[in-house]
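Reading through the structure tokens given below for one structure.
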Amino acid sequence: MPLISILFLLFLAVLILIILAKAPVSAAKAGTQIHKLVEKLIKRKQPPSALLYINRRDANFSLSYSRNDSGIETSGVDEVKQQPFHIASVGKLFTSTVIFSLIEQKKCSLDTKIFTILPAPWLKDLFVCNNTDFSEMVTIEHLLSHTSGVADYFSDPQHDEDSLQATLLKNPDNAYTPLDLLDISRLNQSAHFRPGQGFHYSDTGYILLGLIIEKLAGKEFHVILDEWIFTPLGMEHSYLATRGPHPDNTQLPAPILVGGLDLRNTPALSADWSGGGIISTAGDLELFVRALFSGSLISKASLNQMMQEKNTFVRGIKYGTGMMKIKFGDFFPLLRFMNHMYGHMGILGTQLFFDHRDDTVYISNFSSDKFAEHSVRLLIPAVSLISRIRKDKRE
């Protein structure tokens, strides 16, 4: 076949893909296709439980699906929205929101050096790189954007043993305080670079932010979450998992599998705190993200600072100042027509993302550390379908 014919066929194939990728779909068809995607994922990978909640208000589209650890499925909106689960690193959005609230109260700024807030022993040896201690250079912005260089107590290997994830499996009855978590990085890990000279995702940095919040607000972190976010927004099913009181209506959350071990009822769950230790529901998370983007929690100026991309987390996902940004065109060029989404994801296949242009909330949970990547593979085609629904068309 002549080269010109091959090139023409390739061009035609790409053109067809572009047309199909942008072709409008009905809400009913989008819902059917997304259900098939979820069912295929569950059949192939068998997560311990699954939850997907999508709400695009401007197109009158809503999808709810859950399958609990007993295999019982439901698509009832109320049932799905009220099922509690551990939101993992989605909780970082709450921590960064509180920090920006403190900034607006003039308690600190993004440029505030953290050594002016926290005791020196808490920072000792956390920011030593090439035999130089950079702790007096670290700012609040460095911690929010994961550019401080500090190690990650949860995922990074330790000098004398495996990562904390492996330790949790060996000793699930161990409980941890925030200072215990700092000690893991202080005693058994090394900083990766001097502040501002790179990007390294770090739960240790967010533990420091939680301690900064307590120092500046004069209250415990779980109390601040309740008084500043949960109660004002009516988030009746949300609480910090291992600290403070639980709501009276508390149900057993979905499984929390790390390395195959369910940590729901173990002291090891205390290994997460201000980096993502919240139990919540899809309904509560929707209240939070809509309030965040409407200006009810922090100003538009603060939100814009959170949203502004600074570094690449992984291909297709950027990281700002306490918030992730999904750029679908970076996954695949034909998806450049899709709006960016903002929010955060966690290790359990947990996701909370919002498209403020199309007014779309996307929430998922798959209850296992094996599903972080699978959840992204579901999100891309699902959001592609949602973005193609014709606006203001009722079925």
May I ask for the distance between the Cα centers of the range 182-253 and the range 37-89, given as a whole number of Å?
-> 26
Taking placed amide H atoms and a strict 5 Å upper bound, the residues 5 or more places from Asn311 or on another chain that come that close are Tyr319
Non-local amide H neighbours of Val128 (under 5 Å, H modeled in plane, Pro and chain starts lacking H): which ones?
-> Phe134, Ala191
Starting from the Cα-Cα distance between Glu104 and Thr177, subtract it from 0.36 nm times their residue separation and give me the gain in nm to one decimal.
-> 23.4 nm
Go through the range 126-143 residue by residue and turn each phi into a ³J(HN,Hα) via Karplus (6.51, -1.76, 1.60, θ = phi - 60°); whole Hz please, and just put x for glycine and proline.
-> 6, 10, 7, 9, 6, 6, 10, 8, 9, 4, 7, 9, 6, 10, 4, 4, 4, 5
When Ser101, Ser89, Ser294 are ranked with the fewest other C-beta atoms within 10 Å first, the list becomes Ser294, Ser101, Ser89
Residue-by-residue Karplus 3J(HN,Hα) for the range 56-61, coefficients 6.51, -1.76, 1.60, Hz, glycine and proline x = 10, 5, 6, 10, 6, 10
Of Lys106, Lys310, Lys327, which has the largest mean-square fluctuation in a 10 Å C-alpha GNM of the chain?
-> Lys106
Quick calc: nm separation of the 7 Å Cα→Cβ label points for Thr32 and Thr132 -> 6.3
Which order results if Arg243, Arg67 are arranged by neighbouring Cβ count within 10 Å, fewest first?
-> Arg243, Arg67
What nm value, rounded to one decimal, do you get for the distance between Asn311 and Lys43 when each label is placed 7 Å out toward the C-beta?
-> 4.1
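Quickly estimate the mean residue ellipticity at 222 nm for the chain, helices only: each DSSP H run with n ≥ 4 gives -39500 (n - 2.57), and the total goes over all residues, rounded to 500.
Mean residue ellipticity at 222 nm (helix-derived): -11000 deg cm²/dmol.
Ser190 to Asp125: extension gain in nm, 0.36 nm per residue of separation minus the Cα-Cα distance?
The Ser190-Asp125 span can extend by a further 22.6 nm.
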Once amide H atoms are placed 1.01 Å from N in the peptide plane, what residues at a sequence separation of 5 or more from Phe61, or on another chain, have their amide H within under 5 Å of its amide H?
-> Arg56
Between Glu227 and Arg377, what length in nm is gained on full extension when 0.36 nm per residue of separation is reduced by their alpha carbon distance?
-> 50.4 nm
Which of the helices in the chain meet the span-like rule: DSSP H, Cα axial reach of 20 Å or more, Kyte-Doolittle mean at least 1.0?
-> 3-22, 203-217, 372-387
Treat the count of other C-beta atoms within 10 Å as a stand-in for reagent exposure and order Val383, Val77 from fewest to most.
-> Val77, Val383
From the list (i) 4, 20, 27, 24, 16, 8, 2, 0; (ii) 5, 23, 32, 25, 11, 4, 1, 0; (iii) 4, 12, 11, 10, 10, 9, 8, 8, 7, 6, 4, 3, 2, 2, 1, 1, 1, 1, 0, 0, can you say which value of P(r) over Cα pairs in 10 Å bins from 0, in percent was derived from the structure given?
-> (ii)
Karplus ³J(HN,Hα) for the range 354-362 (6.51 cos²θ - 1.76 cosθ + 1.60, θ = phi - 60°; Hz, whole; x = Gly/Pro) runs 9, 9, 6, 7, 9, 6, 10, 9, 10
Counting only C-alpha contacts under 8 Å and six or more residues apart, can you give the relative contact order of the chain as a whole percent?
-> 25
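None of the figures in this text is laboratory data; all of them are computed from the coordinates on show. Being a predicted model, the structure only gives us computed values, none of them experimental. Glycine also receives a Cβ, built like all others from the backbone with ideal geometry; neighbour counts cover every protein chain displayed.
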